[in-house]
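What follows is a short report on a single structure.
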Amino acid sequence: MVNDNPAMIIAARGLVKSFGPIRAVDHIDLQVEKGEIFGLVGPDGAGKTTTMRMLATILPADAGAISVLGYDGRTEAERIKEHIGYMPQRFSLYGDLTVAENLEFYAEIYEVPRRLREQRQKELLAWANLSQHSYKQADQLSGGMKQKLALACNLIHEPAVLFLDEPSTGVDPVARRDFWRILFRLREEGATIMVSTPYMDEAERCDRIAFTYNGRILTCGTPAAVKNLFRGQLLLLRAETIAMLHAARDYLRREQLLADVLIYGDALHLVTDDALETARLLPGLLERQGIRVTHLQPIPPSLEDTFAYLVRQAGGFAGRESS
Ligand SMILES: Nc1ncnc2c1ncn2[C@@H]1O[C@H](COP(=O)(O)OP(=O)(O)OP(=O)(O)O)[C@@H](O)[C@H]1O
Ligand SMILES: [Mg+2]
């Protein structure tokens, strides 16, 4: 039995999925409790979408078992589908249909009884702040509105569990905050939500997260507990110019003076065993390379630092360079 704990709304054990030679999901175990916002967090190709598609019973697993709301993924997939909303990564609204018509379309797909539709649609439009826009074609909406309409379409049958695959990728930060407010409200109303994201600021908003990498879960826990796994000390370094910052990164990597050197916008995060000693020696050392340090201070690890650390422990490269 996959789910021997009734508080677990979503459970997976030993999930495996390959596409030809690619092992997209490699023995994943996870459990999500009722009322949680649970984040699948990881870079491109980590296996988030594949995991979610298996949990939503859209894609059969090669091995392993799942249960959602106590239903068995193998024998009761239809039951699961009735009770979940699944918003795929490339969720498509019908651009030439109006907002209201899109909702009607999904009411049909999700087989919402006709007598309930009008009321539900009205509520959802008000709830998503789209009532004023219901006559517009979906193509005419802003990115944030499209995203809220997509979510509303997946709530029309009042699912107890929501799977949202990168729902806010490509949406501006304000719309993203707005969207997360809606997710928090859904949680208050008792929904259980699994959301995937490559963004660490979204990961911070989840009750618990699973860091996914190369088809595996590196760790799972609250954002605070995950950050506690970081070992070492961190320094933030800024240099006089961006060119100097890049030169510092290249030099420190080449010389392998530190456990890790990561670039974050206009700063480097340096991982060291001894922050004090590093802070004492480094400016002089870099000065001799023609690099002037303007700022060097100890900082606590972020989720991103912890992800890079765990990937390093697992013998990989986080591949995240956002300079
Ligand atoms: N239908 C498919 N056919 C072949 N390979 C696939 C298929 N779906 C996924 N893959 C591969 O499986 C791996 C995991 O892909 P997946 O889409 O699950 O990752 P992801 O974490 O969702 O990435 P992204 O953040 O880019 O959406 C990748 O190497 C991908 O190329
Ligand atoms: Mg994906």
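The values are calculated or read from the model by the stated rules, or taken from the named source; none is laboratory data. Please read these numbers as outputs of a predicted model, since none were measured by experiment. We place every Cβ from the backbone using ideal geometry, glycine too, and count neighbours over all the protein chains shown.
Listed values, structure above:
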quantity	calculated
Some residue of the stretch 75-89 being within 16 Å of ligand 1 (Cβ to nearest atom) and assigned to a loop (DSSP other than H, G, I, E, B)	yes
Neighbours by Cβ (under 7 Å, 6+ apart or cross-chain): first from the stretch 151-164, at pLDDT 90 or above; second among the polar types (S, T, N, Q)	C153/N102; A160/T192; V161/T192; L162/N154
Counted residues, the stretch 184-212 - those being buried (at least 21 other Cβ atoms within 10 Å of the Cβ) and under 26 Å from A24 (Cβ atoms)	13
Subset of the stretch 120-134 (residues that are polar (S, T, N, Q) and modelled with pLDDT of 90 or more)	Q121, S131, Q132, S134
Residue list for the stretch 5-25, restricted to those being away from ligand 2 (no atom under 16 Å from the Cβ) and surrounded by 15 or more Cβ atoms within 10 Å (Cβ to Cβ)	M8, I9, I10, A11, A12, R13, V16
S67 within 16 Å of ligand 1 (Cβ to nearest atom) and assigned to a strand (DSSP E or B)	no
Test: residue in the stretch 103-110 that is farther than 22 Å from K148 by Cβ and in a loop (DSSP other than H, G, I, E, B)	no
Hits in the stretch 191-232 - residues which are more than 13 Å from ligand 1 (Cβ to nearest atom) and β-branched (V, I, T)	T192, I193, I209, T219, T222, V226
Qualifying position, being assigned by TED's automatic domain parsing to the domain that holds E166, out of contact with any Asp or Glu (no Cβ under 8 Å at 6 or more places or on another chain) and exposed (fewer than 15 other Cβ atoms within 10 Å of the Cβ), among R115, R79	R115
Matching option when the condition is of a type outside the set (F, W, Y), modelled with pLDDT under 95 and within 14 Å of ligand 1 (Cβ to nearest atom), among D44, D26, D4	D44
Leading residue by the ranking (nearest to I58 (Cα to Cα)) among those in the stretch 82-97 that are among the hydroxyl-bearing types (S, T, Y) and surrounded by fewer than 17 Cβ atoms within 10 Å (Cβ to Cβ)	S92
Every residue from the stretch 43-57 that is within 9 Å of ligand 2 (Cβ to nearest atom) and part of a loop (DSSP other than H, G, I, E, B)	D44, G45, A46, G47
Filter result (under 19 Å from the mean Cα position of the chain (by Cα) and loosely packed, with under 14 Cβ neighbours inside 10 Å) within the stretch 216-232	T222, A224, A225
Residues of the stretch 163-179 classified as within 16 Å of ligand 2 (Cβ to nearest atom) and outside any loop (DSSP other than H, G, I, E, B), total	3
Number of positions in the stretch 290-314 that are outside any helix (DSSP H, G or I) and buried (at least 21 other Cβ atoms within 10 Å of the Cβ)	2
Elements of type helices (runs of 4 or more DSSP H) contained in the stretch 196-284, each with 2 or more residues being more than 16 Å from ligand 2 (Cβ to nearest atom), among the acidic types (D, E) and closer than 28 Å to M87 by Cα	200-205
Neighbours by Cβ (under 7 Å, 6+ apart or cross-chain): first from the stretch 40-56, within 11 Å of A210 (Cα to Cα); second part of a helix (DSSP H, G or I)	L40/K48; L40/T51; L40/M52; V41/A203; G42/K48
Neighbours by Cβ (under 8 Å, 6+ apart or cross-chain): first from the stretch 281-308, under 30 Å from V41 (Cα atoms); second acidic (D, E)	L303/E204; A308/D260
